[in-house]
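The values are calculated or read from the model by the stated rules, or taken from the named source; none is laboratory data. The shown structure was predicted, so the numbers you read here are calculated from the model rather than taken from an experiment. Ideal geometry is used to build each Cβ from the backbone, glycine not excepted, and the neighbour counts take in all protein chains shown.
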Amino acid sequence: MRRLSLPLLVIAIISLACCSIACSKKGKSSKGGGTGSGTTGPNGTGTGTGSGTGTGDPGNAKAKDLVWGVQPDAPSSWLEATANQIRTEFATGVWKSTEGQMYLRTQVLKNNVDRGSLWSNPQLYEADFDVVFTNLDSYFITGSNTINACSRPTSRGWLMGLPGKVPFDLFLHEFCHGEFKKLPEEYSCDVCAMSDVVWDRPAPLNRYCDNADCELPGTAAAGCWENFILKRYPNWTHTRRDPGNHPTCTVEIQQ
Ligand SMILES: [Zn+2]
Ligand SMILES: [Zn+2]
């Protein structure tokens with residue numbers, strides 16, 4: 001029974017944790033602006049340069065050192081742009097959304113790691129990677145243009161599949177599925193990065209909802225902070241503080 005039930009469980013988790021395109025707004029994704037001018041917070045040290053070098057003090061925040069694989073052989077321009085997006089948008093998102101209690105520290109971006117279809121055989125990647133990019137020219141990880149990203153639990157923690165073009169809060173959405181083990185979707189909670197993708201959102205939605213502002217109270221998905229994040233990290237606090245500029249995040253590109 002156990003042997004038979006495991007694949008079914010995995011399939012169920014995949015389908016629950018995938019983000020389908022249910023967005024109501026159309027148009028091109030507007031890229032985020034990187035760190036820009038950081039608000040000086042308790043741990044911040046002033047303004048960011050926008051170059052991807054954060055200046056915030058990590059203090060005792062939990063560091064995430066992730067390995068990012070690129071399934072096809074990507075041009076160096078894509079690798080550079082994506083490394084910059086990780087150093088700026090994604091690093092800002094993790095830092096801000098966790099209120100300075102987690103940050104992206106040392107990242108490795110490995111090019112040309114094709115082991116077969118990410119969608120059909122994610123287990124081929126899960127031992128070595130935390131994130132895998134596929135379909136570099138697309139906003140979708142499947143050819144049918146219905147799934148734009150996915151997270152699933154693995155022995156490393158989680159595996160995230162991303163397309164080559166990533167709207168700026170899509171990463172945080174999948175990050176919550178993986179890191180905070182939040183499986184229920186809440187596409188219509190518009191104050192939260194767990195809401196559906198809005199391609200032309202004017203600024204990153206670098207936060208998760210709580211019981212005070214969740215727009216889906218009483219549902220299984222309600223209250224990201226109290227019901228998921230603080231259950232995963234019971235020693236964290238949730239005060240809605242702005243932690244200021246994110247700490248330095250480095251990305252090493254491996255060709
Ligand atoms: Zn939420
Ligand atoms: Zn919510």
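Observations on the structure shown:
- The stretch 188-209, residues that are within 14 Å of ligand 2 (Cβ to nearest atom) and more than 21 Å from Leu230 (Cα to Cα): Ser188, Asp196
- Evaluation of Leu162 against the conditions (1) in contact with a strand residue (DSSP E or B) (Cβ under 9 Å, 6 or more places away or on another chain); (2) within 16 Å of ligand 2 (Cβ to nearest atom); (3) farther than 18 Å from Glu99 by Cα; (4) of a type outside the set (Ser, Thr, Tyr) shows that the sole unmet condition is (2).
- Qualifying residue in the stretch 121-137 (condition: touching a residue at least 60 places away in the same chain (Cβ under 8 Å), of a type in the set (Gly, Ala, Ser) and over 12 Å from Thr248 (Cα atoms)): no
So that you can scan it fast, the table gives a plain yes or no per residue for (1) outside any loop (DSSP other than H, G, I, E, B); (2) surrounded by 20 or more Cβ atoms within 10 Å (Cβ to Cβ); (3) not small (Gly, Ala, Ser):
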| residue | (1), (2), (3) |
| --- | --- |
| Gly69 | yes, yes, no |
| Ala81 | yes, no, no |
| Lys96 | yes, yes, yes |
| Leu109 | yes, yes, yes |
| Ser117 | no, no, no |
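- For the stretch 87-106, the count of residues that are closer than 28 Å to Gly223 by Cα, away from ligand 1 (no atom under 16 Å from the Cβ), in contact with a helix residue (DSSP H, G or I) (Cβ under 7 Å, 6 or more places away or on another chain) and basic (Lys, Arg) is zero.
Table: residues versus (1) among the small types (Gly, Ala, Ser); (2) modelled with pLDDT of 90 or more.
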| site | (1), (2) |
| --- | --- |
| Gly93 | yes, yes |
| Met102 | no, yes |
| Asp137 | no, yes |
| Thr142 | no, no |
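- Test: residue in the stretch 164-174 that is within 18 Å of the chain's Cα centre (by Cα), of a type in the set (Gly, Ala, Ser) and more than 10 Å from ligand 1 (Cβ to nearest atom): yes
- For the stretch 149-200, the tally of residues that are of a type in the set (A, V, I, L, M) and under 23 Å from Glu80 (Cα atoms) stands at 7.
- Odd one out for His177 among (1) touching a strand residue (DSSP E or B) at 6+ places or on another chain (Cβ under 9 Å); (2) more than 14 Å from ligand 1 (Cβ to nearest atom): (2)
- The residue list Ala203, Ala212 contains one member that is in a loop (DSSP other than H, G, I, E, B), at pLDDT 95 or above and over 25 Å from Asp65 (Cα atoms), which is Ala212.
- For the stretch 167-181, the criterion of being in a loop (DSSP other than H, G, I, E, B) and surrounded by fewer than 18 Cβ atoms within 10 Å (Cβ to Cβ) is satisfied by at least one residue.
- Residue match in the stretch 237-247 (condition: under 15 Å from Trp95 (Cβ atoms) and either aliphatic (A, V, I, L, M) or near ligand 1 (Cβ under 10 Å from one of its atoms) (or both)): no
- Annotation: of all residues in the stretch 217-241 being among the aromatic types (Phe, Trp, Tyr) and not in a loop (DSSP other than H, G, I, E, B), the one that is surrounded by the fewest Cβ atoms within 10 Å (Cβ to Cβ) is Phe228.
- Matching residues in the stretch 199-216 - criterion: being crowded, with 19+ Cβ neighbours inside 10 Å and farther than 30 Å from Ala74 by Cα: Arg207, Tyr208, Cys209, Asp210, Cys214, Leu216
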